[in-house]
Each structure stands twice: as C-alpha cells, then as structure tokens.
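K.L.:
Quick one: this structure, given as structure tokens, is what I'll be asking you about.
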Amino acid sequence: MKWNALSILLFILSLSIFLFSACDDGRIYEHTVQNAGDGRVLKLTGRLAGCEKWTEDYSVVVAGFNGKSEYAVMTKSVSSAAADAVQQVVMAGIGEEVSTVELCVINKLRKRVLTFLSMDCAFFADDTLYMDAGTLDVSMYATIQDQLFNTTCANCHGASTQAAAGLYLTAGHSYAALLNQPSTVMPGELLLKPHDAENSLLYRLLSTDITASWSYDHSKEVLSETMQQLVADWIEGGAEK
Ligand code: HEC
C-alpha cells in the first residue's frame, strides 16, 4: 500500500513536470512566431488609374508611417493598372514601429502630401494586412477635384442651386469650366493657363489676397501650403486631366 501511494505520487509529479514543460514549449514556439511577424506584409488590391500623371516631385505609393512623423518609414511605389486590370502591390517587412499603412502621395523627401486610404496596423491580428482600394482615379487633377474643389469650393460653385460667378467646380464640370477660360470677375485674366500658375486666377486667388475686394474674399478659405503648392505644380506641369 505504502509503495503504491508513493508511485502514484511520483506518477502525478512526473506528469505535472511533463505538462509544465509542454506548456513552456508552447510559449517559446508562440514567441518565435511573433518574432517572424516583425515582417508583416501589406497586400493592396485595386484598379488604380492616373499614377503616372503626377509631376516628378511626387509619387503615388503605399507607405508605412510611425504616427509621430509626416515622413514615411517605408514606401513601395505604385503604378497604374492596365485598363480594367486589378493590380496587387505587396509591401513586405513592415516592422513594429509602423503604426499606419497608407495609399498616399509623397514628395521627394518622402513627406506625406495627401492620403487616399489609411489603415491602422493595430487592427490587424494577422501578419498580412489586406487593403482594398476598389476603383480609384489617383491622378493629380482627380485629387485636386476630390480634396479641394469638392470639399471647399463646390458648395458655392455649383453643388447647390447656384454657381457663384457662373463657375462650376463640381466633378465632371470643373476642368472645362477652368481651362483657358476668361474670368468674368477680372476681364483679361484666365482662370487656368497651363504651365503658368502666376497667370492663372485659380492659383492667384488661393495664394494672394487678390480677392479681398471681391464680393467674397477667397483668402478666407484657409488652405494648407501643401495644397497651394500642389495646385501650382499641377498648373506648371501642364494642368493635365
Ligand atoms: C462662400 C462662397 C464661395 C466659396 C466657398 C468659394 N467661392 Fe469662388 N467665388 C464666390 C463668389 C461670390 C465669386 C464672385 C466674386 C465677385 O463677383 O466679386 C467667386 C468667384 C470665383 C472665381 C472667379 C471666376 C471668374 O470667372 O472670374 C474663381 C476662379 C473662384 N471663385 C474659385 C474658387 C475656388 C477655387 C474656391 C475653393 C478654394 C472657391 N472659389 C470657393 C464664392 C465662393
């Protein structure tokens, strides 16, 4: 009886040692997997058009940012898809310091100019991050339409019942309404003169106080320097659609 109890005790002891060591094994294994996750991978799919229409100072990229700086930690360039083809862009080796991954435009210094799509890495439990961009025109003009005209200008210029000064800055109308069109407010001036930002009223009213005496002072529309520069560069680059 005595021996039996001892052997049962020994059995339980060895079983628990085995279980504990098995548990340890598990932890070490999990840890190794997490380390391998240091190189997370972003897979972006979509039909992107207009990447090549940016002037040489800018690039359309997928990029990783660390949340503290406007400068990308890592980038991978994106080029336009062949008509109607779905493309995939893969950015591998995304380290722990990267907190957001974005489809964006950067300048030559890798500084973020604007963002089309952004995802917070914290939401991903997995090592592969999937971003679906759908169908997106990321050209310079489409971006100005989307991030300047639609958000700031169209309210007065065509999105409601009226278009101030008869000028429509709504999607599908703005280009024809601006390109080489004479100004009604300042006769003799052009609204948009390709390759000549200084002589394009569109740029002058964003960058100077020229409209101070107009019935609406456009310098109230506070624009970032980045956006002003973007409009200038678009015009100087030929104002391509
Ligand atoms: C709050 C209303 C309002 C907003 C917002 C606004 N505008 Fe205007 N805009 C006007 C008015 C009013 C005029 C006519 C001024 C006049 O006749 O004195 C005008 C005139 C213009 C003209 C001159 C048109 C011509 O033929 O001479 C341009 C160009 C213009 N706006 C561009 C813009 C742009 C670009 C934005 C966005 C950054 C913008 N506007 C935002 C009210 C607005």
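K.L.:
Mind checking which aspartates and glutamates have their C-alpha under 20 Å from Lys108, skipping anything on the same chain fewer than 8 residues away?
P.N.:
Hits, sequence-local ones excluded: Glu52, Glu56, Asp57, Glu70, Glu225, Asp233, Glu236.
K.L.:
What lysines does Lys43 reach when the alpha-carbon gap must be under 20 Å and sequence neighbours fewer than 8 apart in one chain are set aside?
P.N.:
Lys76
K.L.:
With a 1.4 Å probe and every protein chain left in place, work out the accessible area per residue of region 130-241 in Å², rounded to a whole number.
P.N.:
Value returned for region 130-241: 52 Å² of accessible area per residue.
K.L.:
OK, next. Looking at region 40-138 only, what percent of DSSP beta bridges run antiparallel? Nearest 5 please.
P.N.:
Counting only bridges with both partners in region 40-138, antiparallel ones make up about 75 percent.
K.L.:
Let me spell out the model: positive unit charges on the Cβ of Lys and Arg, negative unit charges on the Cβ of Asp and Glu, origin at the Cα centre of region 50-196. What dipole size does that give, in debye rounded to 20?
P.N.:
Using Cβ point charges on Lys, Arg, Asp and Glu, region 50-196 gives about 420 debye.
K.L.:
Then there's this: To check my understanding: the extent here is largest minus smallest coordinate of the Cα atoms along each principal axis. What are those three numbers for region 40-138, in Å, largest first?
P.N.:
Computed over the Cα atoms, the extents are 35, 28, 17 Å.
K.L.:
Give me the one-decimal nm value for the distance between modelled label points at Thr151 and Gln87, 7 Å along each residue's Cα-to-Cβ direction.
P.N.:
2.4 nm
The values are calculated or read from the model by the stated rules, or taken from the named source; none is laboratory data. Quick caveat, the model's predicted, so the values are computed rather than measured. Ideal geometry is used to build each Cβ from the backbone, glycine not excepted, and the neighbour counts take in all protein chains shown. Keep in mind that these areas ignore ligands, DNA and RNA; they rest on the heavy atoms of the full protein, side chains included. Shrake-Rupley method; radii C 1.70, N 1.55, O 1.52, S 1.80 Å.
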